[in-house]
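As structure tokens, the structure follows; a few thoughts come after it.
The values are calculated or read from the model by the stated rules, or taken from the named source; none is laboratory data. Keep in mind it's a predicted model, so treat the numbers as computed, not measured. Glycine also receives a Cβ, built like all others from the backbone with ideal geometry; neighbour counts cover every protein chain displayed.
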There are 2 protein chains.
Amino acid sequence: MSGVPTASSEHSMVETRHQTRLLTLLRDEGPMSRVELGERLELPRARVGAEVARLDEVGLVETAGPSASRGGRRSTLVRLAGDLRVLAVDVGATSVGVAVTDASCEVLAHTVEDCDVRQGPHPVLRRVAELAAKIRDEAPGKLVAAGIGLPGPVSFAEGMAVAPPIMPGWDRFNVRDHLGGLWGCPVAVDNDVNAMALGERHAGVARSTEDLMFVKIGTGIGCGIVLGGKVYRGVAGTAGDIGHIRLDDYGPTCACGEVGCLEAYFGGAALARDGLALARSGRSTHLAEAAAERGSVTARDVGLAAAAGDFGAVNLIRDGGRRLGHVVASLVSFLNPGMVVIGGGVAQLGHQLLAEVRSAVYRRSLPLATGNLPIVLSELGDTAGVIGAAWSATDRAFTLSS
Amino acid sequence: MSGVPTASSEHSMVETRHQTRLLTLLRDEGPMSRVELGERLELPRARVGAEVARLDEVGLVETAGPSASRGGRRSTLVRLAGDLRVLAVDVGATSVGVAVTDASCEVLAHTVEDCDVRQGPHPVLRRVAELAAKIRDEAPGKLVAAGIGLPGPVSFAEGMAVAPPIMPGWDRFNVRDHLGGLWGCPVAVDNDVNAMALGERHAGVARSTEDLMFVKIGTGIGCGIVLGGKVYRGVAGTAGDIGHIRLDDYGPTCACGEVGCLEAYFGGAALARDGLALARSGRSTHLAEAAAERGSVTARDVGLAAAAGDFGAVNLIRDGGRRLGHVVASLVSFLNPGMVVIGGGVAQLGHQLLAEVRSAVYRRSLPLATGNLPIVLSELGDTAGVIGAAWSATDRAFTLSS
């Protein structure tokens, strides 16, 4: 490990703003010659040469085979060092995913397992550390950064969840310092939906889009907002928290303690609840079978029943999709985004849900706002969150600490 | 006029990016010594001296009395030339305001009169030109920039309204070229609500706020979104168009041709309609008197009746305020802004309306999003739009044309 810069959460890996821009450019656009780097960064060739040499010395970049000839002599390509590793963690309400990526956020190894976030930070982060240790063996290298997404409001600046409704014990627990101490590298902590939005923005269906809304439908419902290519977090870090938009003052009770929230009507928990009621009512043989087998019904059961043509299950998804669509329609009128991406576990219900949301948005939003608006399903599925977490992690590691 | 740079919409007033930053800093923070300018712009003193000399030569800045001593020799202050003038225009659905400001966007003269935007661009802009000619006599000087706000979706880049629902004849009419040709200076064209939001951001109640929503309730309802100190326009320029968020698929018909829009329930036109119905029903003596006198009822009549304690009128404002509040509550959860400012003609109904909106937002939005959220009335009233238009105008004039 000699020659590798100290990558603790206290010390920056980079020494100049030019190095930040250079590393970020290589991450975002891949290997480049020194000439191209100079043109893109608007820096004199000598300066580029010196910065590349310094980054090479500390093991952050390396030079690769010759680039395509541009008429003059053949030049070698500069790229991010192939042995750099990033740990990326996606904590959901009921699952945890851990991945190892290279410094370009390409996933090299990935594992997902069930995990209840309500156990609190110590058991969950202990399990994360175990999974990380295991998975690092599959893609060994030098760990330079880590990123984690959490299923609640996060203070990005402080690296912790703040007053999260479904995460008892996590409130203001310093996840960044905890994992930074464990792994000895800079750690970025963000909301899970923001991470998924970033993942789709950089490696998924929204690659060419600067302004997008990523709507996650999992156990809960949330939205990641990317504006000008960056996550918009709002003044208290709660931007995009659409699950608790109230649809009705006298609606069903929500996990947050309020009533009538969007999440109390739709989302995984609500679908499971309504699916069980449907099973017990005798109006769905598919769901009655699932309930008889395991004593409960999951959102996935509802999805399977709907796919098999179960009328009651189809109606549940249509009703929920319509309610979600009304909310999304208002937000599309308000924000005028370039794309809406639907993701998360329940999104795997797929095209029936998508059809309902589309129908509501195209019918209700301003024609000008929907004229060129794609409403699409996530491309990355359960890797969106870890890719986005890796992106935030490298952003943090490549930035000069102030 | 010799020595003054050509300020047409084709030619830029500034020659370097440093000049742009220098002029903008003087506009935003007032007179400064060369030493302060160098510190704030992170430029060597000689460079600042040369840029100031050049801007002085062409009449854009001037040097004023000595600044407060900082221990060394007394230095003179640099400020924007006192004879620079900006024309700022605020076209509403039923009124037009024209102001002359100095280059710091301080209003020197202002006039407002009734004007129906539905007359189309030629008659309206002819009247704007007449008012501008008259008002320029009250505050003579060198015209360097103009800005105009229009009551509909605007393509900021092209300088024109695009498919505006209440502006027949204006669709894709090139307002920027028209006024640029007339006045021989750079012209910025924006949506009226965006201009009002910018006005409050720079000179009003939101001076210290980077992220805010400005909700305008006039004949129609709209919202200006300022993020990171800049207007957020969305990909098609329609961001903030909340007046046509649909509340009910079977609601009243809206001016846009759809049904159940927020604007069809509340806003000036809806209040006038419901006020007249109330007058005719015999349930409001105040409004019946107004109707008998003029054959119609205005939103202002409803406001006056409510202020006098008329039960029916109070209920109209409460119902509308509650509906508006529900929409604003959702948007606050979604955007997590630092401030909500309520303005526009109907906002002069004032505190009853504000109370309803506040009650809905504080009751329905996430506690984290509302914890430090002021919801306040506009401070600038009918000058918000012209101050914001002047701001966009100087932004444009101070920027290098590409």
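Some observations on this one:
- Index of the failed condition, B:Ala329 passing every other in (1) of a type in the set (Gly, Ala, Ser); (2) modelled with pLDDT under 90; (3) in contact with a Lys or Arg (Cβ under 8 Å, 6 or more places away or on another chain): (2)
- Candidates B:Leu349, B:Leu373, B:Leu380, B:Leu366, filtered to the one that is at pLDDT below 95, under 30 Å from B:Arg283 (Cα atoms) and not small (Gly, Ala, Ser): B:Leu349
- Residue count for region A:219-261, restricted to those that are crowded, with 21+ Cβ neighbours inside 10 Å, of a type in the set (Val, Ile, Thr) and within 7 Å of another protein chain (Cβ to nearest Cβ): 3
- Scanning region B:128-155 for residues that are assigned to a loop (DSSP other than H, G, I, E, B), under 19 Å from the mean Cα position of the chain (by Cα) and not small (Gly, Ala, Ser) yields B:Pro151, B:Pro153.
Let's see how each residue does on (1) farther than 20 Å from B:Met213 by Cα; (2) in contact with a Ser or Thr (Cβ under 8 Å, 6 or more places away or on another chain):
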residue	(1), (2)
B:Val302	yes, no
B:Asp310	yes, yes
B:Asp319	yes, no
B:Val332	no, yes
B:Leu377	no, no
B:Thr399	yes, yes
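- Hey, B:Ala397 more than 14 Å from chain A (Cβ to nearest Cβ), in contact with a Pro (Cβ under 6 Å, 6 or more places away or on another chain) and at pLDDT 90 or above or not: yes
- Hits in region B:367-387 (condition: part of a helix (DSSP H, G or I), in contact with a Phe, Trp or Tyr (Cβ under 9 Å, 6 or more places away or on another chain) and more than 14 Å from chain A (Cβ to nearest Cβ)): B:Ala384
- Candidate set: region B:156-165, residues that are modelled with pLDDT under 90 and within 13 Å of another protein chain (Cβ to nearest Cβ); chosen: the one nearest to the chain's Cα centre (by Cα): B:Phe156
- Residue within region B:273-282 that is without any contact (Cβ under 8 Å) to a residue 12 or more places away in the chain, within 13 Å of chain A (Cβ to nearest Cβ) and part of a loop (DSSP other than H, G, I, E, B) present: no
- Among the residues making up region B:209-259, those that are of a type in the set (S, T, N, Q) and under 17 Å from the mean Cα position of the chain (by Cα) are B:Thr209, B:Thr219, B:Thr238.
- Candidates B:Asp241, B:Asp249, filtered to the one that is in contact with a helix residue (DSSP H, G or I) (Cβ under 6 Å, 6 or more places away or on another chain) and over 21 Å from B:Ile387 (Cβ atoms): B:Asp241
- Residues satisfying the stated conditions in region B:233-260, i.e. charged (D, E, K, R) and assigned to a loop (DSSP other than H, G, I, E, B): B:Arg233, B:Asp241, B:Asp248, B:Asp249, B:Glu258
- Boolean, A:Leu304 is in contact (Cβ under 8 Å) with a residue 24 or more places away in the chain, in the same structural domain as A:Ile245 (by TED's automatic domain parsing) and not basic (Lys, Arg): no
- Check on A:Gly169, without any contact (Cβ under 8 Å) to a residue 60 or more places away in the chain, in contact with a Phe, Trp or Tyr (Cβ under 8 Å, 6 or more places away or on another chain) and away from every other protein chain (no Cβ under 14 Å): no
- Among the residues of region A:200-218, the ones that are assigned to a loop (DSSP other than H, G, I, E, B), within 13 Å of chain B (Cβ to nearest Cβ), touching a Gly at 6+ places or on another chain (Cβ under 7 Å) and not charged (D, E, K, R) come to 1 in all.
- Within region B:315-366, the set of residues being more than 14 Å from chain A (Cβ to nearest Cβ), outside any helix (DSSP H, G or I) and crowded, with 24+ Cβ neighbours inside 10 Å comprises B:Val341, B:Ile342, B:Gly343, B:Gly344.
- Residue among B:Gly199, B:Gly275 that alone is in contact with a Phe, Trp or Tyr (Cβ under 9 Å, 6 or more places away or on another chain) and modelled with pLDDT of 90 or more: B:Gly199
- Filter pass, A:Arg358 being over 30 Å from B:Ser155 (Cα atoms) and modelled with pLDDT of 90 or more: no
- Here A:Asn194 clears all of (1) closer than 18 Å to A:Thr94 by Cβ; (2) outside any loop (DSSP other than H, G, I, E, B); (3) within 14 Å of chain B (Cβ to nearest Cβ) except the condition numbered (1).
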